[in-house]
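Undergrad: Next up is a structure, given as structure tokens.
What follows is calculated from the coordinates using simple rules that are stated; it is not laboratory data. Note that the structure is predicted; figures quoted are calculated from it, not measured. We place every Cβ from the backbone using ideal geometry, glycine too, and count neighbours over all the protein chains shown.
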Amino acid sequence: MRILAVDPGLKRLGLALSDPTGTIARPLMILSHVSRVVDAIAVARQAEFNEAGMIVVGQSLDEDGQPTLEGRHSARFVVTLRMQTNIPVILWDEAFTTQDARAIRLAQGVSRRRRSGHLDDVAAAIQLQSYLDTQHKM
């Protein structure tokens, strides 16, 4: 089963998609934020187009495991997304995915100028891989 991941942000949403076996995540695309409803419709369409059987939305948590301001934004987005699709939608801790995406680009030797681009889709792939790895350990 393919799984679509969403790294929601105030300006952009990063999307990532798993392979059909649900083992490997890869960046898919970056969507510009318009509004919660428009974003949810766009994500639902991508999930259906890519035949995803589940959507995993990143949620940032504080050190006590409680949603941060951005995490509460993600939770509201999930409510709206669930109104747009019958595909199951879950929240998943996205801790440090953007920092990890930057570190990966640096380790790959990508020039500073090329590293300055948006990493939302890479962050979504890191978040999705974290989810997939946890599922395969079970």
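Undergrad: Report the Rg/Rh value for the stretch 1-56, based on alpha-carbon coordinates and the Kirkwood definition of Rh. Show your work: numbers first, answer last.
TA: On the way: Rg = 10.8 Å, Rh = 11.2 Å.
So for the stretch 1-56, dividing Rg by the Kirkwood Rh gives 0.97.
Undergrad: What nm value, rounded to one decimal, do you get for the distance between Val38 and Leu91 when each label is placed 7 Å out toward the C-beta?
TA: That separation, rounded to one decimal, is 2.5 nm.
Undergrad: Just add up the charged neighbours of Ile3: K/R +1, D/E -1, any other residue whose Cβ is under 11 Å from the Cβ of Ile3. Provide the component values of the computation, followed by the final result.
TA: Working: positive: Arg2; negative: Asp19, Glu51.
That works out to -1.
Undergrad: Then there's this: Sort 13-20, 42-49 for me by packing, meaning the mean count of neighbouring Cβ atoms within 10 Å per residue, highest on top. Write out the running numbers ahead of the final one.
TA: Numbers: 13-20: 22.8, 42-49: 18.0.
Averaged packing, sorted descending, gives the order 13-20, 42-49.
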